[in-house]
Every structure is written in C-alpha cells, then in structure tokens.
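Okay, structure first, notes after.
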Amino acid sequence: MAKQPVDYEALLSSVEASFPMVQILDKDGKIVNEDIMPDLSDDELVELMRRMVWSRVLHDRSMALARQGRLGFYAPTMGQEASQLASHFAFKKQDWFYPGYRDVPQLIQHGLPVSQAFLWSRGHVEGNNYPDDLHAIPPQIIIGAQFIQAMGNAVGQKMAKKEDEVTFTYTGDGGSSQGDVYEGMNFAGRYKAPVVFFIQNNGYAISTPREKQSAAMTLAQKSAAAGIPGIQVDGMDPLAVYAVTKQARDWAVAGNGPVLIETITSRFGPHSTSGDDPTRYREQDSFDYWEQRDPLIRFRKFLEEKGLWSEKQEEELIEKTKEEIKQAAKEADQAPKMLISDFLKNMYQEPGQNIKEQIEKYEAKESK
Amino acid sequence: MANLTMIQAITEALDQEMARDEKVLIFGEDVGKNGGVFRATQGLFDKYGEDRVSDTPLAESGIGGMAFGLAVQGFRPVMEIQFFGFVFEVMDSIVGQMARTSYRMGGKLNLPAVVRSPFGGGVHTPEMHADSLEGLMAQSPGLKVVIPSNPYDAKGLLTSAIRDEDPVVFLEHMKLYRSFRDEVPEEQYTVPLGKANVSKEGSDVTVVAYGYMVREALKAAEELEKDDVSVEVIDLRTVSPIDYETVVKSVEKTGRMVMVQEAQRQAGVGNTVISEVSQRAILSLEAPIGFVTAPDTVYPFGQVENIWLPSAKDITEAIKETVEF
C-alpha cells in the first residue's frame, strides 16, 4: 500500500503539544516554575489575595441575596477567582473591558459600584449608568458577541493611537464554539488590534461538558486558525494567570496584535441561580477533584508560607466585605422607580413621531 | 449641479463626509481597492487610505461587531453589507446590540453607526441577494431605516444618516443605482431622516411608496393623468420612524389611499402604514385602502422575478379600484 501523504495522528498530537498548560503554583501552593514567576511586590500579592477573597464573599452573598429574591439574574463565580481576578489584575484602569455575564467581579474591580452591579442583575437601568472613567460596557448576554465588539473597540484604540491601552474580554468553553469568537479573533489578527481574549474553560456550558463542545484537544489552539498566539494556563493558579495575562497585555500594547488565553478552571456551583442543579450532570468526583484545586487554598498556603497572610486577616476581610455588600444591597433598594416614558426618551437621541407621541401618552398616564 | 446616478450620488456623499469628518470610517467586503461590488466606495481607498477604507475578512457578523466597538470608541463607522440578503449573519450586531445600546445605557451611550447595503429585485441576482427585508429592521425599536428613491435624496439622506447620532440602516435599491440620473448639487446638503416627501402632488388619491416602488408609482400616476385621475405620490424616504403626519395630511385631502411596497404582503412596513392611517384618518376615507405588494412566497427564482415584483400596471389597477369604489 502506498504511503499516505500526511500522518494525521502526528499532526494532531503536534498541535496538542504546542499548547501546554502554564503553571507556577501547584495545588499545594508550591512554586513549580520559578523562572516565570511574575514580578509582584508583597503588597501586590496581598492585594491579589484580597480581591480573590472579596470575590468569594461576593459570590456567597449574591447566592444568599438571590435566594431571598433580592437579586435578578446571577451567574455564580465560586472556583473561578484566579481565572477572573488574577487576569483582571494585569490590566490598567484605562483598558476597555467587554465582560460576559459571569464577569461581574472583574467589572466591579474595574470601577462599577457593587450597588450598580446589583441593579444590573435586577434589571434596573441605573445599573448601566456607568461612571465616566469606567471603560466598559455592560455584561454581554449573547454568548460570543463580546468577542467581535471587543475586536472593534481595539481596532478603534489602534486607529486613535491610544498608547498603553488595550481591550479585554471573556467567554467560556461553551462560548468558544460560537462563530463570533472565531470572527473576533480572526478580525483582530487581521487588524493587529490590541485585544486580549479569554476563554474561561470551567468544564461545563450549563450542563454540556467541555468534550461535547469540540474535538479540539485544547481551546487555546483555536487561536492558531486566526494566526494569533494562544496560551493554555492553569486557571486555578493566580500567579500563572497573572503572568500570562501580563505578557499578553505587553504584547498587545507593543503593537503585535491580539492573544487568546484559555484558563483551565472550574465552576464549583450551578450555572445560574435560575434553578440549575449541577448534580444532574456532574459526578461528585468532579467536585472533589476541583475543590482540591481551589485557587484560594493554594494562594493562601503560598502567602502564609511567606508570612504575608493570616487567618485573622482573612476573617476581618470577610466581615468587612459582607458589610460593604449589605450596604450596597440597601443602596440598590433606594434606586428611583423606572418610568416607561424615560425608556421611550432613551430609545433615540433624535426620536421620530411614534416615540414622541408615545412619550406624551405615557407621561399622561404616569402623572395620574 | 451635476447629473449623477444614484450610485455616484452615494459615492459623493461618502467622499464629502469623509473629508469633513475624520472620524468617519468605511469598511466591509471588497470596499477597498475594488471600490465595492457596485463601486459605491470607488476611489475612496486611494483618497483616504486603508485605515479609513478597509477590506474586512468575509464575515458579516464580525463586520457588525467591529462597527459596534468603533462607535463606542467615538468613531462614525459606515459598514457595508455586500448584499442585504446576508443580513441574517449580522442580525445580532444590528438588532440585538446596536439598536438596544442607547436604551440599555439610559441614553448615556449612543451608537452612531450606519449599515449600508444594496437590496431589491429586478436585476437578476442569485438567490438571497434581492429580498426586501426592511420590515425586519423596521420592527426593531432603536434603529432608523432609510430607503432613498432617487440620486438627490440618496446623497442628502446618506449625509444625514452618517451625521445622525442613532444607528441607521441605509438600504439602496439595486435597480435605482444606474437606471436614471438626477440633478445633484455638488456641495453638501442634508435631507432630514424621518420626513416623507410629496414626490408628486395630486387630489384624487394618495399613493404611499418607498424605494424603487416610488418610480413605479410615478409611472402609474403619469398613466392615470390621461384618464383625469390626479394622483399624489408620497415617498416615505424613512420606513422607521414613519412620518405619519405627511401621509395623514395627504389622505385627509384626497380621501383615498393605495399603499405600495415591493416586499411580500404579510406583516411589514405597508401594513403598519395602513394600520396607522386607519386609526388616524378613517373618517376621511371614502374607499378601502388599496395594497400593492409581492405575493407571500419566498423571493422568486431569477427568471420569473419580473412577474412576481409589483409594477406600475399593478399600481394603476389598484388606484382605479380605489377611485372607482
């Protein structure tokens, strides 16, 4: 039999070998890759831990508020603290953020008051009344749409010759199957747009497991088709997530174009608070495996070893955060009542006859 | 004044607006060196460079996302969808994202993007090129949908669309591109969005149309002059928002109305106009409102499109029926 023109198996395994998972801190908090240890001061390391603990408390309190009916849509984040907060830690205030709906913790860290995040969740327009210095748009609901928009935003930054400014955006393993995710990466590569794309691979798109999304052995390799760098990183390791994100941002700022980062992470809880029960599609083994890899456990061990963190410090932070969140929820309760006439006024900058007539009609109703 | 085709008027509007405002960017499939498949962007790549007039990858959704992000960054994107039949690939960007932005952000962030696209039947295109899909757009609050019927309007309306602070879908009927010329002023001017135009005054019946159907309506009106029927033709120019005031005023004068659209009969722009006129001017009507449309099939195979498309003859018949009622 004649030799086949190409060895497919060798081809596939060479692709997989090109996307190894970057790790610095193993699950026991030990440094396994000193060479690429990021240059973070002790204060910065502590700040990163504070943000991750803060996010865990935000998750816990949000779940509780949702149970009490005081939140609307909420996508739990427990387990993804390193993937979310350590990546965000590498960006600057001036960078533009296009979040997915699970990326509320980073949005708050980027400058959205917690009370407004709650209002967004409840479906109140005040939740989107962003402070002028918050460079972000509200969380995207259409999975993948944020990738093409972030690309356009970054093309604009490049056109406007904004120095030291990039765009960053996130989707999930499910989102990686969307055409928009490829289109975003492909356009960004073609325009050399300064954008950092994240696929937070938390194993499940609601209930559909990662292996049913794609035959691709990594999601990072989807970058190759767009001709841009792709990196797979241990998404439970804050130091590795920070290090690869920092490198990606530097690369983009230097004019080299976009980067895709796949964070291997886990959502410990349900997809959302709208009745999802993860035990329907996940074995107990899976929870156990990932909970041992909890980013807070390993980073806590690492910092305690260095004498930078203590149980007492963490307890104080938890109490303080709980109080802040309680206040934010109260503040959200004070938001003014929304009016249909205001919505009509917001539809257009220059409205037509239909809108003008309807404003009159609703204002008359509302003044009764 | 120059004697221009509609495609030349469109190019001139783009050119002059790009010269006036450096924030205006044009992008889409083949709009660069090639000047677009209909040459709407002819010469602009050479004049303004590839940063401002750029060929995108062949992916409509990506083009829509790019327009969104550029508008957030303060640019005035003018994106081209090569044929409007391809709009389904970019529906989320236009209807799900651009249209909702001002509302979603409490009016604090607006999205001044223009979506330009050729559409319309009668030029023997392949499948999925010719459909009249303006009804899909007009049903989406937050968008403005503009359809010029002649070179003069095309230049003035496109200039307004680019300057407008809201997202505008600007639909160019392919049959109008080169079929006739108009006197078009060389200097810049605007034709306001959301305002209908009385294309021809008359006293017996009001015909409301837009896009290419305005031409057919004018032909019908001319034909009927011989029978002493005086037809007023109203060109909507903008199908969202619709200028009911101008339509109702005319119907109150003539007492009769025929609505004409190239699109199929079901749902759509024409039904909206008829419904509003019925509510606002029923007591002025002396006959049921006539409605000339294409039949409710999928856009037909190329060889039969001229049988399928509404024509001056169909309009003439509908007017006669209404007048003789």
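Values in this text are rule-based calculations from the coordinates and carry no lab data. Given the structure is predicted, the values throughout are model-derived calculations rather than measurements. Heads up, the Cβs are rebuilt from the backbone with ideal geometry, glycines too, and the neighbour counts pull from every protein chain shown.
Please work out the FRET efficiency for the pair B:Glu252 and A:Lys361, using the Cβ-Cβ distance as r and a Förster radius of 22 Å; give the result to the nearest 0.05. That pair, B:Glu252 with A:Lys361, gives E of 0.50.
Relative to one another, the C-alpha centroids of segment A:2-29 and segment A:196-215 are positioned 19 Å apart.
Hey, what does the equivalent ellipsoid look like for segment A:126-203, semi-axes from the Cα gyration tensor as sqrt of 5 times each eigenvalue, largest first, whole Å? Kindly include the intermediate steps, with their values, before the conclusion.
Numbers: eigenvalues 84, 66, 19 Å².
Each semi-axis is √(5λ); the values are 20, 18, 10 Å.
The alpha carbon radius of gyration of segment A:218-327, expressed as a multiple of 2.2 N^0.38 Å, is 1.38. Couplings 3J(HN,Hα) of segment A:241-252, computed from phi: 4, 4, 4, 6, 5, 4, 5, 5, 4, 4, 4, 5 Hz, in residue order, whole Hz [Karplus 6.51 cos²θ - 1.76 cosθ + 1.60, θ = phi - 60°; x for Gly and Pro]. Pick out which of A:Ile355, A:Ile141, A:Ile36 has the largest mean-square fluctuation in a Gaussian network model of chain A, springs linking Cα atoms closer than 10 Å. In this elastic network of chain A, the residue with the biggest mean-square fluctuation among A:Ile355, A:Ile141, A:Ile36 is A:Ile355. Label sites at B:His124 and A:Lys330, each approximated as a point 7 angstrom past Cα along Cα to Cβ, lie 7.7 nm apart. Rg and Dmax of segment A:47-142, based on Cα coordinates, read 12.6, 36 Å. The Cβ shell under 10 Å around B:Asp21 holds other residues with a net charge of +2, Lys and Arg each +1, Asp and Glu each -1. Within segment A:2-53, the ratio Rg/Rh, alpha carbon atoms throughout and Rh by Kirkwood, equals 1.32.
Reported to the nearest whole Å, the Cα centre-to-centre distance from segment B:103-131 to segment A:249-318 is 42.
Averaged over every viewing direction, what's the projected area of the C-alpha convex hull for segment A:1-91? Give it in nm², one decimal, please.
Working: hull surface 46.4 nm².
One quarter of the hull surface, i.e. the mean projection, equals 11.6 nm².
Based on the Kirkwood radius over alpha-carbon pairs, what value in µm²/s does the Stokes-Einstein equation return for the translational diffusion coefficient of chain A at 37 °C and 0.692 mPa s? It comes out at roughly 150 µm²/s.
Please build a GNM for chain A, connecting alpha carbons under 10 Å apart, and tell me which residue among A:Gln200, A:Gln109, A:Gln80 fluctuates the most. Fluctuation is largest for A:Gln109.
When all alpha carbon pairs of segment A:98-148 are counted in 5 Å bins from zero, the resulting P(r) reads 5, 22, 34, 25, 12, 2 %. When chain A is treated as a GNM with alpha-carbon contacts under 10 Å, the residue of A:Ser18, A:Ser176, A:Ser223 showing the greatest mean-square fluctuation is A:Ser18.
The Rg/Rh ratio for segment B:1-153 is 0.95, where Rg is the radius of gyration of the alpha carbons and Rh is the Kirkwood radius.
From largest to smallest, what semi-axes in whole angstrom does chain B give when each is the square root of 5 times an eigenvalue of its alpha carbon gyration tensor?
Values: eigenvalues 221, 83, 71 Å².
Rounded to whole Å, the semi-axes are 33, 20, 19.
Just so you know, the averaged projected area of the alpha carbon convex hull for segment B:17-69 sits at 3.6 nm². Pairs exceeding 22 Å between alpha-carbon atoms, taken from A:Lys192/A:Lys222; A:Lys158/B:Lys108; A:Lys356/B:Lys108; A:Lys356/B:Lys249; A:Lys30/A:Lys306: A:Lys158/B:Lys108.
Looking at segment B:179-291, I'd like the Rg to Rh ratio, where Rg is from alpha-carbon atoms and Rh is Kirkwood's inverse mean 1/r.
Numbers: Rg = 14.2 Å, Rh = 14.6 Å.
A ratio of 0.97.
Counting only other chain Cβ atoms within 10 Å of each residue's Cβ, the peptide A:183-190 averages 5.
Segment B:90-241 has equivalent-ellipsoid semi-axes of 29, 17, 15 Å, by the square roots of 5 times the alpha carbon gyration tensor eigenvalues, sorted largest first. Normalised radius of gyration (Cα atoms, divided by 2.2 N^0.38 Å) for the protein assembly as shown: 1.09. Just to be sure I understand the curve: with the Debye formula and one point per C-alpha of segment A:149-292, what is log10 I(q)/I(0) at q = 0.09, 0.11 Å⁻¹? Calculated log10 I(q)/I(0) at the listed q: -0.30, -0.44.
Its DSSP H runs of at least 4 residues, each contributing -39,500 (n - 2.57), put the calculated 222 nm mean residue ellipticity of chain B at -10000 deg cm²/dmol, to the nearest 500. Taking every DSSP bridge with both residues inside the protein assembly as shown, close to 15 percent are antiparallel.
In segment B:9-102, what trypsin sites (Lys or Arg not before Pro) fall in a loop by DSSP, with at most 16 other Cβ atoms inside 10 Å?
Here the sparse-neighbourhood loop sites are B:Lys33, B:Arg39.
One decimal place: the segment A:Ile141-A:Lys92 gains 15.2 nm when fully extended, by the rule 0.36 nm per residue minus the C-alpha distance.
Report the GluC sites (Glu not before Pro) located in segment B:39-119 that are in a DSSP loop and have at most 15 other Cβ atoms inside 10 Å of their Cβ, or state none. Let's see the in-between values first.
On the way: sites: B:Glu50, B:Glu60, B:Glu80, B:Glu89; in loops: B:Glu50.
Of the GluC sites (Glu not before Pro), the ones in loops of segment B:39-119 whose Cβ has at most 15 other Cβ atoms within 10 Å are B:Glu50.
Among the trypsin sites (Lys or Arg not before Pro) in segment A:16-80, which ones are in a DSSP loop with at most 14 other Cβ atoms within 10 Å of the Cβ? Mind listing them? Please list the in-between numbers first.
Details: sites: A:Lys27, A:Lys30, A:Arg50, A:Arg51, A:Arg56, A:Arg61, A:Arg67, A:Arg70; in loops: A:Lys27, A:Lys30, A:Arg70.
Taking segment A:16-80 and a limit of 14 other Cβ atoms within 10 Å, the loop trypsin sites (Lys or Arg not before Pro) found are A:Lys30.
Within chain A, the longest run free of chymotrypsin sites (Phe, Trp or Tyr not before Pro) that sit in a DSSP loop with at most 15 other Cβ atoms within 10 Å is A:74-280.
Computed on the Cα atoms alone, the convex hull of segment B:264-325 gives a volume of 81 cubic angstrom per residue.
Hydrodynamic estimate: the Kirkwood radius of segment A:278-343 over Cα pairs, inserted into Stokes-Einstein at 37 °C and 0.692 mPa s, corresponds to D of 203 µm²/s. Cross-link candidates for A:Lys365: which aspartates and glutamates have Cα within less than 19 Å, leaving aside residues fewer than 8 places away along the same chain? Result set, ordered by chain and number: A:Asp342, A:Glu357.
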